[in-house]
Amino acid sequence: MKCDVLIAGGGTGGVAAAKALQGKGLTVVLTEETDWLGGQFTSQIVPPDEHPWIEQFGCTRRYRKFRDAVRNSYRNSLGREWVESGHRFGPGFNPGGGWVSKLCGEPRVFHEQLVDIEQGSMVDCRLRHIVSEVSCENGSIRAVQVTDLKSGGSQWIEPKMVLDATELGDLLPLSGTSYVVGAESRDDTREPHAIDGPAEPDNIQSFTWCAAVGWDPDGDHTIDEPNLYDYWRSFVPEFWSGRLLDLTFPNVRTGAPMTLPLFEAKDDGALTLFGYRQIIDPTLYSKPVEAVTVMNWPQNDFMTGHVIDVDKATRDKHYRGARQLTLSVLYWLQSELGYKGLRLRPDVTGTDDGLAMAPYHRESRRIKSLRTVREQDVSPECNPGRQAAPEMWDSVGVGAYRIDLHPGSNGAKTIDIACLPFQIPLGALIPETTTNLLPACKNIGTTHVTNGCYRLHPVEWNIGESAGLFACFCLCKGVAPQDVYADKPMVKEFQSLLAQEGVELAWPRLGPL
């Protein structure tokens, strides 16, 4: 089979690329390992982490349309007995009520707004499929083997362009594309918060296997004791404030111990752990509805190993460990703190056990690109007095988030520092090697440090959308991505196309996050 564009991975970046390519007259094959499109939004059940200006600006037109569709789905849902109509018609309606985002909601609702891709014109959407092998010739991908995880059958596809939107940059080693893993040395990047000494390939941000948990205050839903409960109950990270399974943990910015209660806030409006990523808010309904939250908390960050470039046995071991950690946090809350009414909600996750379909990975393999984003490009510490990061001539989008690095798999501690609203440079989407492969996820040319602010939902969407449009641009022009980048007038032409497609390329004056 032949196609114009193959998108490996139907996560946030992959679906954004597919949406950008719909209606462009190209044949597109999209593979996704799980049963749901959307990645962070859906199969990983992570409510969107967004910047404070997201309701006004700072995202693409397609991303805003997607957010609006999610809100409207709630507003128009039959069977939802809202407490009063005025609130849900307001522009800032937050159906889940969580305080991590202005739009917390159920992953199934986000998924439902993306299924149009499955019926999209000339988009061959293949769920439960992965790329298993890649054939290359003279620095170009010639064929890709796609495997059906249900049947085990495989098919070779010959694409003209390939987008790697997998959560861990899986096509990079398969295609021989140069990439970086883990933390770079300060000697190489000159970044203030890079590590001293040699690079640390095993310093990869922790990942989390999230779960959806409801609250039934009168029930007892205590699960069986997890197999690894004794291990996780006694586990004390070297840089932590005590046991990992505790409501007291280090403040991400200061390192000082802080306590976040599950429900019992001391003051009205005070923050709680359950309310952090709450996705069903019972106060919005006129009839009894169970509150539901997502367990994506400091307590279930899996920080004792990683799954990049390891053998299958090691990967499976760490995935089991991450699932056991999440179940251990739940069992600890139920059995030792007395919250027996907490219960897993498989109806929310679309799984049999209430855990997400897939783990939430914060860090991927990263391409060696024509331009690498460093801390100096986005940090207010390196750019005093600026309201936004220094302008990037090759901008293909914008983003804003703090430089937020979760604990590393080698014991590295959390880093959370200020960041200026930034741009996404085209050069970071173009590999040094491989002429027809583009990253479309968290695998662009950032460093370990700047990955911490380029990895969130709206940025990943923007990366995927711009990568999809860039693939289309290159195919229509009959040129390789590297040749476009070497021709500034052609880059400007592509930026004009992006603007017409609703991709914002610059920020107004704002200030650091």
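The values are calculated or read from the model by the stated rules, or taken from the named source; none is laboratory data. Quantities reported herein were computed from a predicted structural model and do not represent experimental measurements. Please note: Cβ atoms are built from the backbone with ideal geometry, for glycine as well, and neighbour counts cover all protein chains shown.
For the condition among the β-branched types (Val, Ile, Thr), in the same structural domain as residue 299 (by TED's automatic domain parsing) and on the phi < 0 side of the Ramachandran plot, what is the one hit in 204, 223?
When all the criteria are applied, what remains is 223.
Quick check on my filter: what residues within the range 186-201 are in contact with a strand residue (DSSP E or B) (Cβ under 9 Å, 6 or more places away or on another chain) and either at positive phi or of a type in the set (Ser, Thr, Tyr) (or both)?
Correct list: 197 only.
Can you give me the ranges of the strands (runs of 3 or more DSSP E) entirely in the range 193-304 with at least 2 residues that are at pLDDT 95 or above and among the small types (Gly, Ala, Ser)?
So the answer is 211-215.
Scan the range 4-26 for residues that are of a type outside the set (A, V, I, L, M) and under 18 Å from the mean Cα position of the chain (by Cα) and jot them down.
Result: 9, 10, 11, 12, 13, 14, 19.
Testing residue 316 on (1) surrounded by fewer than 21 Cβ atoms within 10 Å (Cβ to Cβ); (2) in a loop (DSSP other than H, G, I, E, B), one condition comes back false. Which one is that?
Single failed check for residue 316: (2).
Take residue 16 and decide whether it is surrounded by fewer than 18 Cβ atoms within 10 Å (Cβ to Cβ), in a helix (DSSP H, G or I) and not assigned by TED's automatic domain parsing to the domain that holds residue 273.
Taking the combined requirement at face value, the residue does not satisfy it.
Taking residue 339, is it of a type in the set (Phe, Trp, Tyr) and surrounded by fewer than 21 Cβ atoms within 10 Å (Cβ to Cβ)?
The answer is yes for residue 339.
Residue 441 fails exactly one of the following numbered conditions: (1) assigned to a helix (DSSP H, G or I); (2) more than 22 Å from residue 23 (Cβ to Cβ); (3) touching a residue at least 40 places away in the same chain (Cβ under 8 Å); (4) not acidic (Asp, Glu). What is the number of that condition?
So residue 441 meets the others, but not (1).
Picking from 459, 484, 479, which residue would you name as being assigned by TED's automatic domain parsing to the domain that holds residue 401, surrounded by 24 or more Cβ atoms within 10 Å (Cβ to Cβ) and in contact with a helix residue (DSSP H, G or I) (Cβ under 9 Å, 6 or more places away or on another chain)?
Details: 484 fails: surrounded by 24 or more Cβ atoms within 10 Å (Cβ to Cβ); 479 fails: surrounded by 24 or more Cβ atoms within 10 Å (Cβ to Cβ).
Result: 459 is the single residue among 459, 484, 479 that is assigned by TED's automatic domain parsing to the domain that holds residue 401, surrounded by 24 or more Cβ atoms within 10 Å (Cβ to Cβ) and in contact with a helix residue (DSSP H, G or I) (Cβ under 9 Å, 6 or more places away or on another chain).
Being of a type outside the set (A, V, I, L, M, F, W, C), under 28 Å from the mean Cα position of the chain (by Cα) and not assigned by TED's automatic domain parsing to the domain that holds residue 61 is the requirement here; does residue 508 meet it?
Yes.
Please tell me if residue 167 is within 23 Å of the chain's Cα centre (by Cα), touching a residue at least 12 places away in the same chain (Cβ under 8 Å) and outside any strand (DSSP E or B).
Here the answer is yes, as residue 167 does meet what is asked.
Going by the structure shown, is residue 310 part of a loop (DSSP other than H, G, I, E, B) and either closer than 19 Å to residue 227 by Cα or more than 20 Å from the chain's Cα centre (by Cα) (or both)?
yes
I need every pair where a residue in the range 18-43 that is at positive phi has its Cβ under 8 Å from the Cβ of a residue that is β-branched (Val, Ile, Thr) and part of a helix (DSSP H, G or I), sequence separation at least 6 or different chains.
Pairs that qualify, where the first residue is at positive phi and the partner is β-branched (Val, Ile, Thr) and part of a helix (DSSP H, G or I), are 38/12; 38/15; 39/12; 39/15.
What residue, of 380, 346, is of a type outside the set (Lys, Arg) and either closer than 30 Å to residue 280 by Cα or touching an Asp or Glu at 6+ places or on another chain (Cβ under 6 Å) (or both)?
Answer to the check: 346.
May I ask you to verify whether residue 30 is more than 25 Å from residue 388 (Cβ to Cβ) and surrounded by fewer than 23 Cβ atoms within 10 Å (Cβ to Cβ)? Quick ask: steps written out before the conclusion?
Numbers: more than 25 Å from residue 388 (Cβ to Cβ): yes; surrounded by fewer than 23 Cβ atoms within 10 Å (Cβ to Cβ): no.
For residue 30, the condition - more than 25 Å from residue 388 (Cβ to Cβ) and surrounded by fewer than 23 Cβ atoms within 10 Å (Cβ to Cβ) - is not met.
Could you give me the residue pairs with C-beta distances under 9 Å whose first residue belongs to the range 478-506 and is on the phi > 0 side of the Ramachandran plot, whose second residue is hydroxyl-bearing (Ser, Thr, Tyr) and not in a helix (DSSP H, G or I) wherever it lies, and which are 6+ apart or on separate chains?
502/60
I'm checking my understanding of the structure. Among residues of the range 444-456 that are in a loop (DSSP other than H, G, I, E, B) and of a type outside the set (Ser, Thr, Tyr), which one is surrounded by the fewest Cβ atoms within 10 Å (Cβ to Cβ)?
Out of the qualifying residues, it is 456.
Residues of the range 224-242 being under 23 Å from residue 359 (Cβ atoms) and crowded, with 16+ Cβ neighbours inside 10 Å, which ones?
Those that are under 23 Å from residue 359 (Cβ atoms) and crowded, with 16+ Cβ neighbours inside 10 Å: 226, 228, 229, 232, 233, 235, 237, 240.
Just a yes or no: is a residue in the range 143-155 more than 20 Å from the chain's Cα centre (by Cα), part of a strand (DSSP E or B), farther than 30 Å from residue 452 by Cβ and basic (Lys, Arg)?
Narrowing the range 143-155 to residues more than 20 Å from the chain's Cα centre (by Cα): 143-155.
Filter once more, so that each one left must be part of a strand (DSSP E or B): 143-148, 154-155.
Now restrict to residues that are farther than 30 Å from residue 452 by Cβ: 143-148, 154-155.
Subsequent filtering for residues that are basic (Lys, Arg) retains none.
Checking the range 143-155: not a single residue is more than 20 Å from the chain's Cα centre (by Cα), part of a strand (DSSP E or B), farther than 30 Å from residue 452 by Cβ and basic (Lys, Arg).
If only one of 137, 133 is farther than 24 Å from residue 461 by Cα, touching a helix residue (DSSP H, G or I) at 6+ places or on another chain (Cβ under 9 Å) and in the same structural domain as residue 377 (by TED's automatic domain parsing), which one is it?
One residue alone meets the criteria, 133.
Given the conditions (1) surrounded by 13 or more Cβ atoms within 10 Å (Cβ to Cβ); (2) under 24 Å from residue 348 (Cβ atoms), report the number of the one that residue 218 does not fulfil.
The single condition residue 218 does not satisfy is (1).
Would you mind listing the strands (runs of 3 or more DSSP E) fully within the range 349-417 where at least 1 residues are out of contact with any Cys (no Cβ under 8 Å at 6 or more places or on another chain) and more than 22 Å from residue 168 (Cβ to Cβ)?
395-399, 415-417
Quick one: which of 419, 474, 441 is more than 27 Å from residue 361 (Cβ to Cβ) and in contact with a strand residue (DSSP E or B) (Cβ under 8 Å, 6 or more places away or on another chain)? Give the derivation first.
On the way: 419 fails: more than 27 Å from residue 361 (Cβ to Cβ); 441 fails: more than 27 Å from residue 361 (Cβ to Cβ).
Criteria check complete, one pass: 474.
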